[in-house]
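Engineer: So that we are looking at the same thing, I have put the structure below in structure tokens.
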Ligand code: PMP
């Protein structure tokens, strides 16, 4: 029965990680997968997380199932983080949130929900976008289109082309936006551009789906939510896929959320019964531990403050590495201008390195970068900066 099955192509990002792990070169550098590293190259457990876990160990009374949508304390905390605690979406109960296994789980549930209830809709993603977006949506049979986003020549947002692209998208389709820290380019719209996009969305009548995987990695928790909050001033409906893998460092606990915002509380309640149905037939109910940690932190003033300061430290370290990378390349005599990297935000930047150069870095220096030239800036440290920049300077000669 299984004889005829052909091997699936390696995942472009996770496959790279496997190749890195198997590389025996002691000086290897991994700038592929989007995982935060500290100065020592480790992915630490945040102190706020450890403290929350200590409390949970004492408090936890059962391992019985959660409900399909997850724990109430988590679901309300997620909404406060998304919208701000006194937003009318919360006071009027216009949103419903389900805990999902990671941001990917949220996207997958959203995809099934869209396929079932908006069967004619095409979903539009930015060009470029996170490598898994297309696959997740295609796996439920959705049509996936792409809209213009990145100006590769100027290493910036091609806002005119973006507006022109979105103006072609008809009412009833779905458009995915990266809430902040666009993956893979690190290029986000400005507040004024978000405003224009929101107006356009309202005029065209497409449904926005915000993929929000990096809240707090750009400017801060509030400013990073500005895009989706601006949209909500102009459009009554939205889907939001949150991930807490990065901002809580809870990668392997699989903590995310799918939030549906509707015009009325009644509609939100009704639509949510269908979201829960997608969950029931998919994984039935979510795992508890990660969401209990997030809820413990978000619902406690001291833990919240500690988490926010640790998040700030991660954000600042990434910003510093961006500048150091640009300056070190310049000091090595690289004439190509990389200064755009210090203006971008989040974990990633499109370096502009070609697939051939990426392949050479891997072959000759054991430096692992995604084929598109996307660099996980969070993997840079003071220690790997010199060898990395020497290698890049060498291949750009
Ligand atoms: N969306 C984007 C844009 C991402 O970068 C990621 C993680 N790389 C996800 C979603 C998925 O997040 P998670 O690991 O929580 O499934």
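The values are calculated or read from the model by the stated rules, or taken from the named source; none is laboratory data. Computed from a prediction, not measured in an experiment: that's the story for all the values here. Ideal geometry is used to build each Cβ from the backbone, glycine not excepted, and the neighbour counts take in all protein chains shown.
Engineer: Just to check your reading of the model, which residue among 366, 342, 323 is surrounded by 15 or more Cβ atoms within 10 Å (Cβ to Cβ) and in contact with a helix residue (DSSP H, G or I) (Cβ under 7 Å, 6 or more places away or on another chain)?
Structural biologist: It is 342.
Engineer: Still on this model: Checking residue 3 against (1) touching a residue at least 40 places away in the same chain (Cβ under 8 Å); (2) more than 26 Å from residue 178 (Cβ to Cβ): exactly one of these is not met. Which one?
Structural biologist: (1)
Engineer: Name the residues in the range 211-240 that are over 22 Å from residue 88 (Cβ atoms) and in a strand (DSSP E or B), would you?
Structural biologist: 211
Engineer: Still on this structure, I have one more. Are any of the residues in the range 322-339 at pLDDT 95 or above, under 19 Å from residue 211 (Cβ atoms) and outside any loop (DSSP other than H, G, I, E, B)?
Structural biologist: No, the range 322-339 has no match at all.
Engineer: Residue under question is residue 208, and the condition is that it be away from the ligand (no atom under 16 Å from the Cβ), at pLDDT 95 or above and not in a helix (DSSP H, G or I); does it hold?
Structural biologist: Spelling it out, it is not the case that residue 208 is away from the ligand (no atom under 16 Å from the Cβ), at pLDDT 95 or above and not in a helix (DSSP H, G or I).
Engineer: For the range 48-69, check the following and say yes or no: at least one residue is within 16 Å of the ligand (Cβ to nearest atom) and out of contact with any strand residue (DSSP E or B) (no Cβ under 8 Å at 6 or more places or on another chain).
Structural biologist: Yes, there is a match, as at least one residue in the range 48-69 is within 16 Å of the ligand (Cβ to nearest atom) and out of contact with any strand residue (DSSP E or B) (no Cβ under 8 Å at 6 or more places or on another chain).
Engineer: What pairs come up if the first residue lies in the range 45-59 and is free of Cβ contacts under 8 Å to residues at least 60 places away in the same chain, the second is loosely packed, with under 11 Cβ neighbours inside 10 Å, and their beta carbons are under 7 Å apart, counting only those six or more places apart or on different chains?
Structural biologist: none
Engineer: Suppose we keep only residues that are part of a loop (DSSP other than H, G, I, E, B) and surrounded by fewer than 19 Cβ atoms within 10 Å (Cβ to Cβ) within the range 345-363. Which one would you say is farthest from the ligand (Cβ to nearest atom)?
Structural biologist: 354
Engineer: Quick one: in the range 54-78, of everything that is in a helix (DSSP H, G or I) and in contact with a helix residue (DSSP H, G or I) (Cβ under 7 Å, 6 or more places away or on another chain), which residue is surrounded by the most Cβ atoms within 10 Å (Cβ to Cβ)?
Structural biologist: Step by step, filter the range 54-78, then rank; the result is 74.
Engineer: A further question on this structure: Would you check if there is a residue in the range 241-253 being assigned to a loop (DSSP other than H, G, I, E, B), more than 26 Å from residue 49 (Cα to Cα) and modelled with pLDDT of 95 or more?
Structural biologist: No.
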